[in-house]
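Input: a single structure, listed below in structure tokens.
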Amino acid sequence: MDWGAFIHYGLMRWLHILAGVMWIGLLYYFNFVQVAALKAAATDNTGAGITKHVAPRALLFFRWAALVTWLAGATILGAHFFDAFFFLQKVYVPIGVGAWLGTIMLFNVWVLIWPNQKKILGIVQASDEEKAKARRVAFLASRTNTMLSLPMLFFMIASGGVFRTSFFGI
Amino acid sequence: MKNPLDSLWGTVISGLVLTVILYWVVKLALGS
């Protein structure tokens, strides 16, 4: 048994998918459930439980799952990392597009969503005006990631074996 | 014009449209 390949392609791919399910699952929770729930809760002032107890926990797993997903994906690419990111070989172009979309999404999580959510949730001090701006930036970054998740997942599943051949003929 | 990302279904439709566009860009770039 080739233990190097088992860890590199087997366990890393498993970890990549596990962490990816957690990341995108929580992204969909925020966009499909929590945004609408907070809007409804604003009408009868019952949103405090969500923002105090649910959102910080969801954001904890969300942002670290995003990082683990990216690192596991980069590990799987290994020596072909640059082939994928710079489209140096035809067979790595589909996964390269998926990898770029995932990288943009990781950037949005750590640079736009999390710092602004810290202001919204009161983890760091912010004025009402700063909070309003943070709410808009975090919302649009989260919605952008939801939009990008569709092509990202498509290129992830269309990048290998019979799937790549059927979609791209290579 | 309203930002499609303000609506959940606008976001999903934008994602689907982007998927189709990127698919064809990659397919044509690969000459397949």
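Can you name the residue in region A:34-45 that is surrounded by fewer than 13 Cβ atoms within 10 Å (Cβ to Cβ) and not in a loop (DSSP other than H, G, I, E, B) and is also nearest to the chain's Cα centre (by Cα) among such residues? I'd like the intermediate steps shown before the answer.
Keep residues of region A:34-45 that are surrounded by fewer than 13 Cβ atoms within 10 Å (Cβ to Cβ), which gives A:36, A:39-40, A:42-45.
Those left that are additionally not in a loop (DSSP other than H, G, I, E, B): A:36, A:39-40.
Details: A:Ala36: 20, A:Lys39: 23, A:Ala40: 26 Å.
Per the criteria, the residue is A:Ala36.
When region A:116-170 is filtered for residues that are part of a loop (DSSP other than H, G, I, E, B) and among the hydroxyl-bearing types (Ser, Thr, Tyr), the ones remaining, listed by number, are A:Ser127, A:Ser159. Filtered by the rule that a residue be within 13 Å of B:Thr19 (Cα to Cα) and within 11 Å of another protein chain (Cβ to nearest Cβ), region A:153-170 gives A:Leu153, A:Phe154, A:Phe155, A:Ala158, A:Phe167.
Please specify each residue of region A:59-89 satisfying the condition of being closer than 22 Å to A:Leu121 by Cβ and surrounded by fewer than 16 Cβ atoms within 10 Å (Cβ to Cβ). Break it down stepwise before answering.
Pass one, region A:59-89, residues closer than 22 Å to A:Leu121 by Cβ: A:59-67.
Those that are closer than 22 Å to A:Leu121 by Cβ and surrounded by fewer than 16 Cβ atoms within 10 Å (Cβ to Cβ): A:Leu60, A:Phe61, A:Trp64, A:Leu67.
Condition check: closer than 21 Å to A:Val33 by Cα and among the aromatic types (Phe, Trp, Tyr). Does A:Phe167 satisfy that? Here the answer is no, as A:Phe167 does not meet what is asked.
Kindly provide the set of residues from region A:1-33 that are among the charged types (D, E, K, R) and loosely packed, with under 11 Cβ neighbours inside 10 Å, ordered by number. Spell out how you get there, then give the answer.
Going through region A:1-33, the residues among the charged types (D, E, K, R) turn out to be A:2, A:13.
Scanning region A:1-33 gives a single hit, A:Asp2.
Return the total of residues in region B:1-16 being among the small types (Gly, Ala, Ser) and either more than 18 Å from A:Gly98 (Cα to Cα) or more than 7 Å from chain A (Cβ to nearest Cβ) (or both). The qualifying residues number 2. The residue pairs whose first member lies in region A:91-117 and is farther than 14 Å from A:Leu59 by Cα and touching a residue at least 60 places away in the same chain (Cβ under 8 Å), whose second member is basic (Lys, Arg) and assigned to a helix (DSSP H, G or I), and whose beta carbons are closer than 9 Å, counting only pairs six or more residues apart or on different chains, are A:Val91/A:Arg164; A:Pro94/A:Arg164; A:Ile95/A:Arg164.
Just for chain B: of the residues that are among the hydrophobic types (A, V, I, L, M, F, W, C) and closer than 17 Å to A:Ala141 by Cβ, which one is farthest from the chain's Cα centre (by Cα)? So the residue we want is B:Leu8. Summed over region A:40-58, residues that are closer than 13 Å to A:Ile120 by Cα and either in contact with a Lys or Arg (Cβ under 8 Å, 6 or more places away or on another chain) or basic (Lys, Arg) (or both) total 1.
Restricting region B:17-32 to residues that are surrounded by 14 or more Cβ atoms within 10 Å (Cβ to Cβ) and within 8 Å of chain A (Cβ to nearest Cβ), the residue that is farthest from A:Phe167 (Cα to Cα) is B:Leu18.
From the list A:Met105, A:Met156, the one residue that fits, being at pLDDT 95 or above and either surrounded by fewer than 21 Cβ atoms within 10 Å (Cβ to Cβ) or within 11 Å of the chain's Cα centre (by Cα) (or both), is A:Met105.
Can we say A:Asn31 is polar (S, T, N, Q) and either free of Cβ contacts under 8 Å to residues at least 12 places away in the same chain or outside any helix (DSSP H, G or I) (or both)?
Details: polar (S, T, N, Q): yes; either free of Cβ contacts under 8 Å to residues at least 12 places away in the same chain or outside any helix (DSSP H, G or I) (or both): no.
It is false that A:Asn31 is polar (S, T, N, Q) and either free of Cβ contacts under 8 Å to residues at least 12 places away in the same chain or outside any helix (DSSP H, G or I) (or both).
The values are calculated or read from the model by the stated rules, or taken from the named source; none is laboratory data. It should be emphasised that the depicted structure is a prediction, and the values quoted were computed from it without experimental measurement. Cβ atoms come from the backbone with ideal geometry, glycine included; neighbour counts cover every protein chain shown.
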